[in-house]
Amino acid sequence: MTSLPQARMATQASGTWVLYVLTDAPFLEWPMHDFGRVTPMPTVQERVRALTALGYAVEGGPEWEWNATRTSPAPRHLWAAIAVRPATPAGAGGDGA
């Protein structure tokens with residue numbers, strides 16, 4: 001899964017879950033939502049609400065692709081990815097005119 005935008009959910013160094021949207025912008029400008037907790041893992045519904053608040057929607061089905069970082073001296077981290085799209089198409093007007 002390499003097309004952008006793409007949403008990813010992972011644990012930060014602190015262990016809390018964060019959801020961010022990879023775009024072609026510099027990574028410091030990627031939209032992000034911090035769930036502010038270690039457990040429980042955010043549910044699919046919580047992830048969808050966070051994506052909606054960031055202005056994105058899941059592209060296709062609700063299946064997240066789960067992965068883990070490779071084993072190294074650092075602890076392994078679990079992360080998930082899913083294709084997303086902007087919730088409002090570019091150029092769409094909301095005034096009904």
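The values are calculated or read from the model by the stated rules, or taken from the named source; none is laboratory data. As the structure is a computational prediction, the values presented were derived from the model and not from experiment. Glycine gets a Cβ as well: all are built from the backbone with ideal geometry, and neighbour counts include every protein chain shown. The accessibility values were calculated without ligands, DNA or RNA, using every heavy atom of the protein model including side chains. Shrake-Rupley method; radii C 1.70, N 1.55, O 1.52, S 1.80 Å.
Just one of (1) part of a loop (DSSP other than H, G, I, E, B); (2) surrounded by 14 or more Cβ atoms within 10 Å (Cβ to Cβ) fails for Ile82. It is (1). The residue pairs whose first member lies in segment 60-75 and is assigned to a loop (DSSP other than H, G, I, E, B) and open to solvent by less than 100 Å² (accessible area, probe 1.4 Å), whose second member is among the charged types (D, E, K, R) and at pLDDT 70 or above, and whose beta carbons are closer than 8 Å, counting only pairs six or more residues apart or on different chains, are Trp64/Arg47. Looking across segment 49-59, just one residue is open to solvent by 50 Å² or more (accessible area, probe 1.4 Å) and at pLDDT below 95, and that is Glu59.
Answer with yes or no whether Met41 is surrounded by 10 or more Cβ atoms within 10 Å (Cβ to Cβ), in contact (Cβ under 8 Å) with a residue 12 or more places away in the chain and assigned to a loop (DSSP other than H, G, I, E, B). Yes: the conditions hold for Met41. Consider Ala13 carefully, then state whether it is modelled with pLDDT under 95 and open to solvent by less than 90 Å² (accessible area, probe 1.4 Å). No: the conditions fail for Ala13.
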